[in-house]
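Asks: Next up is a structure, given as structure tokens.
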Amino acid sequence: NAVAFWMVPIAGILLMASFFVPGGPAQAGWWSYPPVSLQNPSGQLINGQFVWLLAVAISGVSSIMGAVNFVTTIVKMRAPGMTFFRMPLFVWAVFSAQIIQLFGLPALTAGAVMLLFDLTVGTSFFDPAKGGNAVLFQHFFWFYSHPAVYVIILPVFGIFSEIFPVYARKPLFGYKVVAISSLLIAGVSALVWVHHLYVSGTPGWMRMIFMLSTMFVSVPTGIKVFAWVATIWGGKLRLNTPMLFALGGLILFVFAGITGITLSSVPIDVHVNNTYYVVGHFHYVLYGTVTMGMFAAIYHWFPKMTGRMYNEGWGQLHFWLAFIGTNLNFFPMHPLGLQGMLRRVSSYAPEYTFWNIVASIGAFLLGMSTLPFILNMIASWMHGKQAPKNPWRAIGLEWLVSSPPPVENFEEIPVIISEPYGYGKSEPLVAAAGQVHNHKS
Ligand SMILES: [Cu+2]
């Protein structure tokens with residue numbers, strides 16, 4: 001794990017350095033598609049593209065090693081009594097995400113290394129001028145880079161599953177199905193990458209297959225959404241900041257899911273390909289849903305991490321500015337895309353002005369929203385009210401120890417005797433805590 005960790009700063013420094021090497025920066029965008037990425041206009045061996053690809057390959061190896069560690073730890077090193085179906089859903093989500101890393105990331109890493117060979121030692125895997133296949137790189141790239149979205153969002157789904165039961169005071173609806181749906185998302189994610197190649201000369205029959213597999217993604221994600229709604233339904237909702245962010249994230253995700261289904265459809269995708277409609281969809285998924293989930297997690301575990309309570313009023317101000325800002329910023333991209341505004345342009349035609357102004361106001365609000373967040377975090381960490389062990393009356397091992405947790409967390413490994421989401425039932429926490437202390441006898 002340490003090797004994997006220390007490879008990240010090395011890759012990061014290389015990535016930054018790629019702007020300043022003699023051959024000039026990389027100029028093929030984040031996809032790095034050949035033949036543009038193979039052009040090397042400077043003629044220098046040490047050019048930005050070379051250093052950039054080296055950084056991608058190193059961080060790829062690092063993440064594969066990290067995935068081996070996560071998967072092995074979850075399979076082999078659970079506490080006694082922690083069966084698979086007693087694991088917190090956050091752990092199920094991380095488990096599924098890391099399985100994706102394990103099986104998907106080698107494709108991108110290999111693609112980056114092959115591109116490096118093309119660039120430096122004269123191989124021709126991807127160079128069409130020498131008989132290579134440029135589209136082959138697109139396959140390597142998207143075989144990982146579509147599932148990469150799930151690597152990022154699965155832990156956020158896990159966070160939602162942790163937070164909704166606590167603030168609704170109800171057990172999570174359909175625990176087992178939600179756990180398995182994470183694995184299902186990991187499985188399906190390996191079968192959809194060609195939806196990024198609908199307009200890359202992909203034959204019609206293949207586009208149909210990947211249209212169907214992409215639409216199938218909505219099944220496991222839909223299961224999760226239904227389970228979360230059923231968990232909240234009829235609960236005694238406490239609308240604290242973590243719950244507000246989780247609810248906001250859920251709303252943004254439902255919207256992102258709907259535009260995602262429209263994009264999976266070949267005729268629609270061919271029409272809106274390379275427009276702001278795609279950018280809008282993607283920002284609802286990866287900006288809206290993910291940052292809402294991350295902020296929910298930061299507020300929820302802030303007392304546990306720091307031993308102090310955050311300021312609720314500032315937290316809620318942060319939420320409303322961020323939620324309104326996110327929607328004002330990213331919703332206009334959908335009508336703009338449908339009107340035909342292309343992505344990756346530095347200016348736009350006058351007919352796109354109205355929605356662009358709305359988006360700019362949203363972006364400004366979104367930027368502003370981080371000010372109460374940062375101030376709240378700093379001031380609360382320094383002067384906040386002392387946090388008790390379990391301020392949210394949550395169930396879970398971390399809430400059994402002091403805030404912040406002591407070094408080593410537990411004096412000895414606890415034995416798990418209860419289900420993870422027994423809210424509203426008897427007090428399983430007490431039983432579990434008793435077990436922790438009585439383990440020696
Ligand atoms: Cu995709």
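The values are calculated or read from the model by the stated rules, or taken from the named source; none is laboratory data. The shown structure was predicted, so the numbers you read here are calculated from the model rather than taken from an experiment. Please note: Cβ atoms are built from the backbone with ideal geometry, for glycine as well, and neighbour counts cover all protein chains shown. Only protein heavy atoms, including side chains, enter the accessible area calculation; ligands, DNA and RNA are left aside. Shrake-Rupley method; radii C 1.70, N 1.55, O 1.52, S 1.80 Å.
Asks: Taking region 162-184, which residues are farther than 17 Å from Arg238 by Cβ, open to solvent by less than 10 Å² (accessible area, probe 1.4 Å) and not hydrophobic (A, V, I, L, M, F, W, C)?
Replies: Start the filter on region 162-184 by keeping residues that are farther than 17 Å from Arg238 by Cβ, which leaves 173-184.
Okay, now just the ones that are also open to solvent by less than 10 Å² (accessible area, probe 1.4 Å), so 178-179, 181-182.
If the condition is that a residue be farther than 17 Å from Arg238 by Cβ, open to solvent by less than 10 Å² (accessible area, probe 1.4 Å) and not hydrophobic (A, V, I, L, M, F, W, C), then Ser181, Ser182 are the ones that fit.
Asks: Here's another thing I want to ask about it. Within region 206-222, can you find the residues that are closer than 25 Å to Leu250 by Cα, in contact (Cβ under 8 Å) with a residue 12 or more places away in the chain and away from the ligand (no atom under 14 Å from the Cβ)? Spell out how you get there, then give the answer.
Replies: Step one: of region 206-222, the residues closer than 25 Å to Leu250 by Cα are 211-222.
From the residues that got through so far, the ones that are in contact (Cβ under 8 Å) with a residue 12 or more places away in the chain too are 211, 213-222.
Correct list: Val219, Pro220, Gly222.
Asks: Hey, another quick one. Can you pull out every residue in region 159-205 that is over 23 Å from the mean Cα position of the chain (by Cα) and within 15 Å of the ligand (Cβ to nearest atom)?
Replies: Listed by number, the residues that qualify are Tyr198, Val199, Ser200, Thr202.
Asks: When you look at Leu338, is it over 19 Å from the mean Cα position of the chain (by Cα) and surrounded by fewer than 20 Cβ atoms within 10 Å (Cβ to Cβ), yes or no? Lay out the reasoning, then the answer.
Replies: Working: over 19 Å from the mean Cα position of the chain (by Cα): yes; surrounded by fewer than 20 Cβ atoms within 10 Å (Cβ to Cβ): yes.
When the stated conditions are applied, Leu338 passes them.
Asks: Restricting attention to region 108-133, which residues are farther than 20 Å from Gly48 by Cβ and open to solvent by less than 20 Å² (accessible area, probe 1.4 Å)?
Replies: Gly132
Asks: While we're on this one: Conditions: (1) in contact with a Phe, Trp or Tyr (Cβ under 9 Å, 6 or more places away or on another chain); (2) modelled with pLDDT of 95 or more. Gly235 meets all but one. Number of the miss?
Replies: Going through (1) in contact with a Phe, Trp or Tyr (Cβ under 9 Å, 6 or more places away or on another chain); (2) modelled with pLDDT of 95 or more one by one, Gly235 breaks only (2).
Asks: Have a look at Glu408, Glu419, Glu412 and point out the one that is surrounded by fewer than 13 Cβ atoms within 10 Å (Cβ to Cβ) and at negative phi.
Replies: Glu412
Asks: Might you check whether a residue that is under 21 Å from the mean Cα position of the chain (by Cα) and small (Gly, Ala, Ser) occurs anywhere in region 68-91?
Replies: So far as region 68-91 goes, no, none of its residues is under 21 Å from the mean Cα position of the chain (by Cα) and small (Gly, Ala, Ser).
Asks: Does region 111-137 hold any residues that are in contact with a helix residue (DSSP H, G or I) (Cβ under 7 Å, 6 or more places away or on another chain) and of a type in the set (S, T, N, Q), and which are they?
Replies: Thr120, Thr123, Ser124
Asks: Given the condition within 16 Å of Leu53 (Cα to Cα) and assigned to a helix (DSSP H, G or I), answer yes or no: does some residue in region 144-161 qualify? Let's see the steps before the verdict.
Replies: Filtering region 144-161 down to residues within 16 Å of Leu53 (Cα to Cα) leaves 144-145.
When the remaining residues are screened for being assigned to a helix (DSSP H, G or I), the result is 144-145.
For region 144-161, residues within 16 Å of Leu53 (Cα to Cα) and assigned to a helix (DSSP H, G or I): present.
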